[in-house]
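Chemist: Once you've had a glance at the structure underneath, I'll fire off some questions.
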Amino acid sequence: MKLGIPRERREGERRVAATPDTVRQLVAMGLDVLVETGAGDGAGHADAGYQQAGATIVPVLDTTALDVLAHVRPLDPNTAASLHKGAVTVGLASPSSDLPAVQALADNAVTSFALELVPRISRAQSMDALTSQALVAGYRCVLEAAIRLPRFFPLYMTAAGTIPPARVLVLGAGVAGLQAIGTAKRLGARVFANDIRPASADEVASMGGTFIRLDLETAEAAGGYARQLSSDAGTRQRQLLAPHVAESDVLITTAAVPGRPAPLLVTREMVQGMRPGSVVVDLAAESGGNVEGSVPGRDIPIPTADGTGHITLVGLKDPASAMASDASRLYAKNVANLLALLVQDGHLALDFGDEVVAGACLTHAGEVRHRPTADLLAARTATAAAGQEGTR
């Protein structure tokens, strides 16, 4: 059975879905692993390393001949359509935003497994790519802030005077937020954090941060994720956060709601209330942004309210890919561990009675099995039909 590892085509993407270490694991499952030339270059893995691990290096992957395709970024519709009926894909799929690709997978009767859908249960932790990649992103965003901040993070007491520690505020205490808190603390900053899930307070404290409690409704959904606040509660949240934002030298936002655009936590006016030279890093910029005006991949100077300087607004893009070696090490292991549930003695053995297999499955036998995505596709189809009817 042929398993393909492609060279990721998206600009800026340096991760890869397999490393030489995981190729050995895949070969031991009885799989014939084909790696596209240069697939691991961005993550520091040369073709020779894959060959030594038992893979075959091919100039270009022939997707029509693959039984399994493991990937990092969501597939484009053309690639999905090129796979043969019954082929299996494993990777990130962004099902709520890449609906044309999901439709192509279903139309082509491809069985696709989206790593975003892996159930958040103990047995599936080793396959949880959202967690592994959020850890990398949370670490990276603090480094990006430290590079841009024109001040030290730690306290320094010198003969020339005392330099106070930087004050860092982290909004969102999921995996990325907690990693950001821990990293900023290790760099010597005073770290504060807020999350709309009260249970996060103990986790923030365990990482060395101080939890900021706001008088708001709780908003915790299934699986430990946050849910979207109501409009009024969102407005109230921003009002309560404003003074804490103004006191911070660095603001890092990491809040996300699965399947929805990122919630707006910080307005431009709130950013303008910060001191000159302060830095804002929006980790959610690619999914709509937690900070008003953030643009993925761009640093935007925001003038202070009093006109005495500016604040740097950083819209992070591909933060996990910026640390491609370790990000790929973790991601490739997530992929291999999920494949271990799908393959027995070199053959596909899809057991939909297993809650991990069933939960991670996006499409199968021509159907979209993930109900929220199926509903989005149905709504999209209905909207398109209504539009065609209106032009007649």
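Chemist: How many of the residues in segment 186-235 are in a helix (DSSP H, G or I), modelled with pLDDT under 90 and among the small types (G, A, S)?
Modeler: Residues meeting the conditions: 6.
Chemist: From (1) surrounded by fewer than 23 Cβ atoms within 10 Å (Cβ to Cβ); (2) closer than 30 Å to L348 by Cα, pick out the condition that doesn't hold for Q133.
Modeler: (1) is the only condition that Q133 fails.
Chemist: Determine which member of the set L330, L283, L313 is of a type outside the set (D, E, K, R) and open to solvent by 50 Å² or more (accessible area, probe 1.4 Å).
Modeler: L330
Chemist: Which ones in segment 112-126 are open to solvent by 10 Å² or more (accessible area, probe 1.4 Å), assigned to a helix (DSSP H, G or I) and in contact with a helix residue (DSSP H, G or I) (Cβ under 8 Å, 6 or more places away or on another chain)?
Modeler: If the condition is that a residue be open to solvent by 10 Å² or more (accessible area, probe 1.4 Å), assigned to a helix (DSSP H, G or I) and in contact with a helix residue (DSSP H, G or I) (Cβ under 8 Å, 6 or more places away or on another chain), then E116, L117, R123, Q125, S126 are the ones that fit.
Chemist: If you take the residues of segment 236-255 that are open to solvent by 60 Å² or more (accessible area, probe 1.4 Å) and modelled with pLDDT under 95, which of them is nearest to H310 (Cα to Cα)?
Modeler: Here the residue is Q239.
Chemist: Now, a different point. Could you check how many residues of segment 75-86 are assigned to a loop (DSSP other than H, G, I, E, B) and either more than 18 Å from the chain's Cα centre (by Cα) or surrounded by fewer than 21 Cβ atoms within 10 Å (Cβ to Cβ) (or both)?
Modeler: 5
Chemist: Restricting to segment 278-304, what's the tally of residues that are touching a helix residue (DSSP H, G or I) at 6+ places or on another chain (Cβ under 9 Å), part of a loop (DSSP other than H, G, I, E, B) and under 21 Å from A166 (Cβ atoms)?
Modeler: 4
Chemist: Tally the residues that are under 30 Å from M157 (Cβ atoms) and surrounded by fewer than 17 Cβ atoms within 10 Å (Cβ to Cβ), restricting the search to segment 182-205.
Modeler: 3
Chemist: In segment 19-31, how many residues are farther than 14 Å from Q52 by Cα and surrounded by 18 or more Cβ atoms within 10 Å (Cβ to Cβ)?
Modeler: Here the count works out to 2.
Chemist: Looking only at residues that are open to solvent by 60 Å² or more (accessible area, probe 1.4 Å) and among the charged types (D, E, K, R) in segment 333-356, which one is farthest from V23 (Cα to Cα)?
Modeler: It comes out as E355.
Chemist: I've got another one for you. Restricting to segment 32-46, and then to whatever is touching a strand residue (DSSP E or B) at 6+ places or on another chain (Cβ under 7 Å) and of a type in the set (A, V, I, L, M), can you tell me which residue is most open to solvent (accessible area, probe 1.4 Å)?
Modeler: L34
Chemist: Can you confirm whether segment 150-162 contains a residue that is under 17 Å from A332 (Cβ atoms), open to solvent by less than 80 Å² (accessible area, probe 1.4 Å) and outside any helix (DSSP H, G or I)?
Modeler: No, segment 150-162 has no match at all.
The values are calculated or read from the model by the stated rules, or taken from the named source; none is laboratory data. The shown structure was predicted, so the numbers you read here are calculated from the model rather than taken from an experiment. As a convention, Cβ positions derive from the backbone with ideal geometry for all residues, glycine included, and neighbour counts pool all protein chains shown. Surface areas here come from the heavy atoms of the whole protein model, side chains and all, with no ligands, DNA or RNA. Shrake-Rupley method; radii C 1.70, N 1.55, O 1.52, S 1.80 Å.
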